[in-house]
Amino acid sequence: MLQEVALGQKSLADYTHIAGKPLVERIRALAEKLEGQRVLHVSATAFGGGVSEILYTIVPLMRDVGLDAHWHVIFGKEEFFNATKLLHNSLQGAEETLSDEQWRVFDEINAINAEGLQGEWDTIIVHDPQPIGLRRGATDKSRNWIWRCHIDLSEPNPAPIARWCSRMPRCCPGVPCGAMSASAWNCTGGRGTASGNGLLVSFAWSVLKASPIITRINSPAGCASG
């Protein structure tokens with residue numbers, strides 16, 4: 001079973017002096033349509049990185065505006081995290097990539113975590129590459145899946161993406177994007193080429209196995225939304 005992260009309370013009103021009242025009011029107005037929606041964030045760890053720093057704030061703020069938001073962290077072992085660190089670097093352009101044995105460990109741990117995923121959700125947001133294989137074993141757990149990418153994928157090593165695309169040859173044409181940190185990562189480029197943007201989309205899409213991916217967060221022009 002995935003471990004839920006205990007969180008304190010935060011109020012969006014506390015950010016009014018930073019963001020300004022109009023933006024705070026707009027956020028609350030947009031959130032009204034999502035009131036009561038069950039949203040789960042899934043990440044690799046609750047400590048020691050930018051993702052955890054973001055989630056310790058954003059999840060309580062999502063609750064403050066009316067969403068039933070939670071944060072779970074996955075189970076892993078040393079071999080798995082060694083493999084995902086290599087995957088992380090490879091997706092940022094490092095020449096070295098995962099061996100067949102490392103991919104086996106990656107698939108195995110993601111399958112174990114998928115079995116341990118509890119509850120029914122309106123949206124599950126998967127953060128970074130470590131738990132990206134979760135969806136393949138948990139198709140009935142959420143209506144919507146988002147891959148939230150926090151790393152630089154502008155010039156990735158195409159090897160890990162090609163590995164996933166080989167499992168789903170038609171994963172590229174017209175697929176949605178994930179939620180990226182930079183709008184420059186668009187939907188151009190194609191499977192089998194070195195232009196990382198199209199390959200990136202293929203990677204996320206093939207791993208999430210054709211699940212609807214919400215793309216309205218930092219979604220560049222020309223990307224299809226799911």
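Nothing in this text is a laboratory measurement; each read-out follows from the coordinates by a stated rule. Nothing here was measured: the structure is a model prediction, and the numbers come from that model. Ideal geometry is used to build each Cβ from the backbone, glycine not excepted, and the neighbour counts take in all protein chains shown.
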Open item on the list: Under a crude label model (7 Å from the Cα following the beta-carbon direction), how far is S99 from F81 in nanometres?
Closed with: 2.1 nm
Open item on the list: Can you divide the C-alpha Rg of the range 1-149 by 2.2 N^0.38 Å and report the result to two decimal places?
Closed with: 1.15
Task: Positive minus negative residues near Q118 (Lys, Arg vs Asp, Glu; Cβ under 11 Å) - done: -2
Task: Proximal lysines to K10, defined as alpha-carbon separation beneath 29 angstrom and excluding residues fewer than eight positions away on the same chain - done: K21, K33, K141
Task: Taking L30, L7 and counting other C-beta atoms within 10 Å, the order from fewest to most - done: L30, L7
Open item on the list: If neighbour count is taken as other Cβ atoms inside 10 Å, put F75, F47 in order from fewest to most.
Closed with: F47, F75
Open item on the list: Can you sort R163, R26 from fewest to most other Cβ atoms within 10 Å of each residue's own Cβ?
Closed with: R26, R163
